[in-house]
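Notes follow the structure.
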Amino acid sequence: MHNRERGGHVDMSLTYDTGHAAEARDLLCQQFKGNAAIEALLNSSCVHIQLAEDAIWELQTERLPATAAIGAQLDALGTIVGQIRGELDDTHYRYWLLAKLIANASGGEGETLLEIIVTVTNNANALHLMQQPPAGCLIWIDGGLDPTIDPSLLALILSEAVAGGVKLQFVYSMYDNANTFTFASADLPEVSTIDGFSSGNTGLDPETGGHWADIMEC
């Protein structure tokens, strides 16, 4: 692997080098180029260099970043950071692994807590954070959570990331806003079959009322 230079500046992105033997031959002094014995020695030595390159590149691209790892590699990363897979597929498990990495390095900042939720939800929901002095905060998620997300597991990660002695209240709903309980926007009653209190009637009455949000304390 090596860095590239562009316009006098070093490009810090890594590139996969598959030609160590050819590069070694090109670096020979002119009087040694074409010497079969020297080139054979270089080729033999570069076999091991190329194997090392291949192994390091695989580690860099397939095992270290959770975004690139798959299958058993993700499971191994989960063991290292302390996040079990459960029934999650690779795509959703990556979100949880990345969130766990953030939690493990957390200093308890509110922005970090929001980043964890954004990572798990793949930025699908608007978030709100309210400080509650002297040592508390409230986070609520706007809109319904993806049904693949276990809110209790999300609350557990948040509890590991929040600062010691700080009480975190985590409010969420598994239903979208259109089907979640909502108070009237003003003092006057507003008729709704899905947003407010249910009448409790059955049969021909279609009124069901809005679903309640849930809250967890972390």
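Quick one: in region 172-198, which of the residues that are assigned to a loop (DSSP other than H, G, I, E, B) and of a type in the set (Gly, Ala, Ser) is surrounded by the most Cβ atoms within 10 Å (Cβ to Cβ)? Don't jump to the end; show me each part of the working.
We begin by selecting, within region 172-198, every residue assigned to a loop (DSSP other than H, G, I, E, B); these are 174-176, 181-198.
Of the ones still in play, those that are also of a type in the set (Gly, Ala, Ser) are 184-186, 192, 196, 198.
Values: 184: 12, 185: 7, 186: 7, 192: 14, 196: 17, 198: 13.
Step by step, filter region 172-198, then rank; the result is 196.
Pick from region 109-123 the residues that are surrounded by fewer than 14 Cβ atoms within 10 Å (Cβ to Cβ) and of a type outside the set (S, T, N, Q): which of them is nearest to residue 162 (Cα to Cα)? Among them, the one singled out is 109.
So that you can scan it fast, the table gives a plain yes or no per residue for (1) modelled with pLDDT of 90 or more; (2) more than 22 Å from residue 214 (Cα to Cα); (3) within 14 Å of the chain's Cα centre (by Cα):
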| site | (1), (2), (3) |
| --- | --- |
| 66 | no, yes, yes |
| 75 | no, yes, no |
| 103 | yes, yes, yes |
| 120 | yes, no, yes |
| 126 | no, no, no |
| 131 | no, no, no |
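Could you say whether any residue in region 151-166 is surrounded by 12 or more Cβ atoms within 10 Å (Cβ to Cβ), under 22 Å from the mean Cα position of the chain (by Cα) and of a type in the set (S, T, N, Q)? Looking through region 151-166, at least one residue is surrounded by 12 or more Cβ atoms within 10 Å (Cβ to Cβ), under 22 Å from the mean Cα position of the chain (by Cα) and of a type in the set (S, T, N, Q).
If I ask for residues that are part of a loop (DSSP other than H, G, I, E, B) and in contact (Cβ under 8 Å) with a residue 12 or more places away in the chain, which ones from region 110-135 would you list? Those that are part of a loop (DSSP other than H, G, I, E, B) and in contact (Cβ under 8 Å) with a residue 12 or more places away in the chain: 122, 124, 125, 132, 135. Out of 70, 141, one residue alone is among the β-branched types (Val, Ile, Thr) and within 21 Å of residue 217 (Cα to Cα). It is 141.
Only residues that are crowded, with 18+ Cβ neighbours inside 10 Å and over 15 Å from residue 148 (Cα atoms): list them for region 81-96, please. Lay out the reasoning, then the answer.
In the first step, residues of region 81-96 are kept if they are crowded, with 18+ Cβ neighbours inside 10 Å; the result is 83, 88, 93-96.
83, the sole residue that qualifies.
Taking the criterion of being assigned to a helix (DSSP H, G or I) and among the charged types (D, E, K, R), the residues of region 71-101 that qualify are 75, 90, 94, 100. Of everything listed in (1) touching a residue at least 12 places away in the same chain (Cβ under 8 Å); (2) more than 17 Å from the chain's Cα centre (by Cα), the single unmet condition for residue 186 is (1).
Of all residues in region 27-46, those being surrounded by 12 or more Cβ atoms within 10 Å (Cβ to Cβ) and in a helix (DSSP H, G or I) number 8. With respect to the conditions (1) assigned to a helix (DSSP H, G or I); (2) free of Cβ contacts under 8 Å to residues at least 40 places away in the same chain; (3) surrounded by fewer than 19 Cβ atoms within 10 Å (Cβ to Cβ); (4) hydrophobic (A, V, I, L, M, F, W, C), residue 138 falls short on a single one, namely (1).
The values are calculated or read from the model by the stated rules, or taken from the named source; none is laboratory data. The shown structure was predicted, so the numbers you read here are calculated from the model rather than taken from an experiment. Cβ atoms come from the backbone with ideal geometry, glycine included; neighbour counts cover every protein chain shown.
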